[in-house]
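A.B. asks: Once you've had a glance at the structure underneath, I'll fire off some questions.
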Amino acid sequence: MRAILLSVLVGLAWAAPPQFVFTTGSCPVEPGGDTHRVAIVGGGPSGASAAYFFGAAQTQLATNPACPKRTLDVTLFERSRVGGRVEAIYPLDDPGLERVEIGAGLVYDVDETLIRAISSFGLRWSSDQTRLAKHVGVWNGKEFVIENDGSTWSQTKLLWRYGRSPANVLKLLGEAVKSFSRVYSPQFLHERPVRGGDNRLPAPYSGYPWSSAAELAHAVLPGGLVNQSANEYYAQQGISELFTNEMASATTRVNFAHNIDQINAFAGLYAFKSSESRHVRNGNHLLFERMVNESGAAVRVGASGTVTGIMKTSEGWWVGTADGHGSTFDSVVVATPWSLSGIALLNTDKMIHMVSYRPVHVTLVATTESRPKASFFGQARSDSDMPQTILTAPSISAANATQTPLISLSYVRELSPQQHRKQLGTLYIVRVLSHRALDDTTLTDMFGTVVWTHRKEWDAFPDMSRDAKRRSFEIDTGLYHVSVIEPLISTMEASVISAKNVAALILQRWLGDGFVNGRHCRWSARNPNTDWSGWGCNSS
């Protein structure tokens, strides 16, 4: 997948303070309680990062002698394991091998927060052999409408078929990424108008922290990227219908399980960044485990971490769990898809918006075959000429989806005989995404010899249509929902950005805007000194 896209687009309690690196910001000056109790429901990317950002705030309060002694008391509830939809498993069930991603697997090259977090924790990038993906094809259920093996002839055919559309999409993508990347600029986030006659801090020009996903989008995205579908946007920008229906839709399908007419324009453009992505060695979940472990939050897992009800009371929010216990908190951060949570919301007339999620079947296969079977795809060619990454055009997803459930197929790793314990020569690990479960017969038809299989069904992708309703992060006073960002864009980075925004809303109310956005800030273009995890003038 990477090659064709590049060519086309050219529990733990509070102990010692965790060791965060941050720039000292202003201390709170507004009245607030000495202790603020926060519950985080869900240990996926948004919940784990929210815990870490609160931990950074606690460290900032504890280590700055000018700050009053205030305490954040954070509890993270997780019913199974930290990571959520981020999961990796051992191929061949062999713990001696590097794990393979079976859930959210991509860290894009523009995901500045994730990249800086991975670096700060000393995690390493995977060494998966991307050379396996150099021959790529787009299949429409009957034939390959386009293939690319990196040759000059392939490039010529791409240019002949799509004309200037790839270059034009690259330009649109660059503009969108440049605009969105302002979210990483401390000056963009925190710069304020000159203070007037009173002593109150005027709000930053950016509006940070944002009260809704719509406000966030309005602040950092060009107009038209949210309120129309990707195919409408491409047509408006003069992108050819052929490119839109083939390459663009194949890209949104493999990344988000959406056809091009089912996804908003920003997500549709962002899908092309998957050509420039990587993942953490042994699994992206390691990043979020580190965030939780170093946050200082108390962690409840299992029955004590399975939240069954959230109830508004005169003292705050009562959070009840499956083991029959409950506690009261000042703020609750719902960091899990609400429609999949089974949690009852009580004693409030407010409602958390239900986002629908699309089920996707992920199948990992170990095979002796270096390429899939040509006969499965209706091809008369030799198997050795088949692509090692196959994307699919939207025509196979509707009427004939039962006959052809494939979304994508990617050879992701080669295992030499010295690396595995099977007496079968070189093995290849393949990741297959599909609309329904693939039985053993189908996999044999697809690959020939299959020596190992692992299947997982995910409610993986939210509906990311052009619906841009003003959904607030704060559902009711003290109750927040991080996942309102997902209909706009569903990536690990977006979850982390949304989590920090929610943490900022809570800290702003408790400690004052000066703590979150800083006071009397000065920035240097030569030395921006951006602090990805902290708070104040130089935070992002």
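A short reminder: the numbers here are calculations on the coordinates, not readings from a lab. None of the values given here were measured: they were computed from a predicted structure. We place every Cβ from the backbone using ideal geometry, glycine too, and count neighbours over all the protein chains shown.
A.B. asks: In what sequence do Phe461, Phe121 fall when counting other Cβ within 10 Å, fewest first?
C.D. replies: Listing Phe461, Phe121 from fewest to most nearby Cβ atoms yields Phe121, Phe461.
A.B. asks: At Ala303 and Glu175, where each label point lies 7 Å from the Cα along Cα→Cβ, what is the point-to-point distance in nanometres?
C.D. replies: Roughly 5.8 nm, to one decimal.
A.B. asks: Rank the residues Met351, Met311, Met446 as a footprinting-exposure proxy: fewest other Cβ atoms within 10 Å of their Cβ go first.
C.D. replies: Met351, Met311, Met446
A.B. asks: Given labels modelled 7 Å from the Cα in the Cβ direction, how far is it in nm from Arg421 to Phe121?
C.D. replies: Reported label-point gap for Arg421 and Phe121 is 2.9 nm.
A.B. asks: Continuing with this model, one more query. With a ≥ b ≥ c taken as the square roots of the eigenvalues of the C-alpha gyration tensor of region 95-246, please select rounded if a/c is under 1.5 and otherwise prolate if a/b is larger than b/c or oblate if it is not?
C.D. replies: Oblate is the answer for region 95-246, as a/c is 1.5 or above yet b/c matches or exceeds a/b.
A.B. asks: Next question. Hey, with R₀ at 45 Å, roughly what FRET efficiency would Ile89 and Arg161 work out to, going by the Cβ-Cβ distance, to 0.05?
C.D. replies: With R0 = 45 Å, the Cβ-Cβ based efficiency is 0.75.
A.B. asks: Further question on the same structure: Rounded to the nearest 0.05, what FRET efficiency is calculated for Val194 and His218 with R0 set to 30 Å and r the Cβ-Cβ distance?
C.D. replies: 0.80
A.B. asks: List Trp510, Trp535 from most exposed to least, where exposure is judged by having the fewest other Cβ atoms within 10 Å.
C.D. replies: Trp510, Trp535
A.B. asks: So, one more: If packing is taken as the average number of other Cβ atoms within 10 Å across a peptide's residues, how do 83-92, 385-394 rank, most packed first?
C.D. replies: By packing density, highest mean first, the sequence is 385-394, 83-92.
A.B. asks: Label Ser327 and Ser185 with points 7 Å out from Cα along Cα→Cβ: what is the distance between them in nm?
C.D. replies: With each label placed 7 Å out from Cα toward Cβ, I get 4.1 nm.
A.B. asks: Please say if region 258-360 is rounded, prolate or oblate, where rounded means a/c under 1.5 for a ≥ b ≥ c the square roots of the C-alpha gyration tensor eigenvalues, and otherwise the choice is prolate for a/b larger than b/c and oblate otherwise?
C.D. replies: Oblate.
A.B. asks: Now for a different question. Would you list, by chain and number, the aspartates and glutamates whose Cα falls below 18 Å from the Cα of Lys350, excluding same-chain residues fewer than 8 positions away?
C.D. replies: Answer for Lys350, where 18 Å is the Cα cut-off: Glu315, Asp330, Glu474, Asp476, listed by chain and number.
A.B. asks: First check a/c for region 116-188, with a ≥ b ≥ c the square roots of the eigenvalues of its C-alpha gyration tensor; if it is under 1.5, answer rounded, and if not, answer prolate when a/b is larger than b/c or oblate otherwise.
C.D. replies: oblate
A.B. asks: Take the alpha carbon atoms of the chain, find their radius of gyration, then divide it by 2.2 N^0.38 Å using N residues; give the quotient.
C.D. replies: Ratio of Rg to 2.2 N^0.38 Å for the chain: 1.00.
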